[in-house]
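For reference, the structure is listed below as structure tokens.
Coordinate-derived values only; no laboratory data. All values derive from a computational prediction rather than experimental measurement. All Cβ positions, even for glycine, are placed from backbone atoms using ideal geometry, and neighbour counts span all protein chains on display.
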């Protein structure tokens with residue numbers, strides 16, 4: 001039996017594949033290596049697992065029913081961890097139909113194929129973006145999430161609802177995991193920490209959208225992977241859980257910590273707020289802590305030091 005990881009060549013997916021293989025699981029990775037960022041970067045993400053005897057790579061699109069049918073016929077899948085998605089809040093505003101096609105239609109086809117194959121459980125990689133613009137913190141799974149601030153957020157909420165409906169109809173165990181701004185080695189090049197690191201190191205202007213007081217609950221990749229594995233082991237019925245660090249940091253403070261980690265001073269460029277951005281995110285992680293012992297360990301200063309060390313040794317090529 002194997003665990004299917006969709007989007008397994010991406011940032012979170014490649015780390016998760018490594019962690020699952022390390023504990024003796026067989027892993028099937030489905031990825032279409034799209035050009036949202038360089039496909040060569042995603043192939044490099046898998047360099048450490050391609051020759052592992054327990055790893056199988058399937059190249060194909062989540063929306064292709066034939067690819068999914070063939071995958072489930074060839075591999076006995078005991079669980080699905082669904083991370084494949086068109087990512088990014090701002091690009092979704094420019095291409096809402098594409099995001100709906102990949103993230104909603106693709107998820108629906110995966111759920112259908114997994115149900116036909118008799119897969120007993122599925123984890124869905126959702127996002128803190130489903131919470132939208134809020135005045136109260138921390139964000140709790142019981143909060144209303146019916147006012148998304150971007151098409152991307154809307155597609156992630158739609159994915160959660162598809163999972164809920166599938167569970168109700170089939171009984172397949174489903175867990176939706178709302179990730180809060182994940183960072184660390186292999187982070188996508190356009191994301192803030194990776195982008196700011198590149199710009200500060202190159203003595204280029206760093207764009208600060210808004211007044212610098214926006215805050216994000218940045219969560220280190222190792223903590224996210226630990227949470228996903230914990231959720232996998234305890235997936236029963238239907239559940240929704242936040243996976244965050246529960247310790248938001250302001251944008252200006254993030255830049256300051258990056259300056260310390262890089263030993264360089266940033267050239268800041270004030271920019272107007274971007275459509276779709278939210279003023280802050282802040283996870284209540286008490287439900288995940290109670291359900292599967294989720295406990296983030298990496299504080300932001302340490303995580304940024306680790307990221308900068310990776311960037312200096314490997315990350316420039318990804319940029």
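Compute the Cα gyration tensor for the chain, then decide on rounded, prolate or oblate, letting a ≥ b ≥ c be the square roots of its eigenvalues: rounded whenever a/c is under 1.5, prolate when a/b is larger than b/c in the other cases, and oblate in all that remain. Present the calculation step by step, with values, prior to reporting the outcome.
Details: a/c = 1.66, a/b = 1.38, b/c = 1.20.
Note, shape of the chain comes out prolate.
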For the chain, built as a Gaussian network whose Cα springs stay under 10 Å, the top-fluctuating residue of 37, 218, 183: 37
Reduced Cα scattering model of segment 237-319, Debye log10 I(q)/I(0), q = 0.24 Å⁻¹: -1.18
Distance from segment 195-246 to segment 124-179 (C-alpha centre basis), Å: 16
Fluctuation leader among 246, 85, 97 - the chain, Gaussian network, Cα springs under 10 angstrom: 97
Helix 192-201 vs. the chain, principal-axis angle (Cα, 0 to 90°, nearest 10): 40
Counting DSSP beta bridges with both ends in the chain, the antiparallel % (nearest 5): 5
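Indicate the gyration tensor shape class of segment 96-136 (rounded, prolate or oblate), computed on the Cα atoms with a ≥ b ≥ c the square roots of the eigenvalues: a/c under 1.5 is rounded; otherwise a/b larger than b/c is prolate and the rest oblate.
oblate
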Extension reserve of the residue 269-residue 250 stretch, reckoned as 0.36 nm per residue once the Cα distance is removed: 5.2 nm
Alpha carbon centroid spacing (whole Å) that separates segment 1-49 from segment 89-105: 22
Label-point gap, in nm, between residue 233 and residue 146 - each point 7 angstrom along Cα→Cβ: 3.8
Contour excess over end-to-end distance, with Cα ends at residue 78 and residue 90 and 0.36 nm allotted per residue: 0.8 nm
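Å³ per residue of the Cα convex hull, for segment 14-143?
Taking the convex hull of the Cα positions in segment 14-143, it is 143 Å³ per residue.
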Degrees, to the nearest 10: 251-262 long Cα axis against longest axis of the chain: 80
Euclidean distance of C-alpha centroids, segment 62-81 and segment 268-292, integer Å: 33
Residue order, fewest to most beta carbons within 10 Å, for 17, 235, 29: 235, 29, 17
Segment 225-317 - percent relative contact order, Cα under 8 Å, separation 6 or more: 45
Relative contact order for the chain, counting Cα pairs under 8 Å that sit 6 or more residues apart, in percent: 18
Between 0 and 90°, nearest 10: helix 106-116 axis offset from the chain longest Cα axis: 30
Estimated inter-spin distance, residue 305 and residue 101, nm [label 7 Å along Cα→Cβ]: 4.6
